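Working notes for the structure below.
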Amino acid sequence: MEELNLINLECPEPFMKVAAKLMTMKGGTLKVTFKDPKCDEMIIEAVKLMDCKILEHKNDNGVYTLILEKTRQDTREDKSVKELGSC
């Protein structure tokens, strides 16, 4: 499991780092810890948009922990999208 300790960062940095990490991950599990409550809802919404699963979501005295799972994407699907071209 990969981990991102973002406790010392303020919003929007935790959100941006989680989104960037999920976009580059091919699949697997990611544990994220952060303190800024403003980022909690932002990260949850981003996770939904990226079709990831939230395996754990807790707030322990102001320290948020998320365990996220991203399933592998089929590379054939990615290729077919690229072959479509653009407008």
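Please report the net charge: other residues with Cβ closer than 14 Å to the Cβ of K58, K and R +1, D and E -1. So the environment of K58 carries a net charge of -1. For GluC sites (Glu not before Pro), the sites in segment 1-32 that DSSP calls loop and that have at most 14 other Cβ atoms within 10 Å are E10. 3J(HN,Hα) along segment 19-34, derived from phi through the Karplus expression 6.51 cos²θ - 1.76 cosθ + 1.60 where θ = phi - 60°, amounts to 4, 5, 5, 5, 5, 8, 6, 7, x, x, 10, 10, 9, 10, 10, 7 Hz, with x in place of Gly and Pro.
Computed from the coordinates by the stated procedures, all read-outs in this text should not be read as laboratory data. All values reported here derive from a predicted model rather than from experimental measurement. Cβ atoms come from the backbone with ideal geometry, glycine included; neighbour counts cover every protein chain shown.
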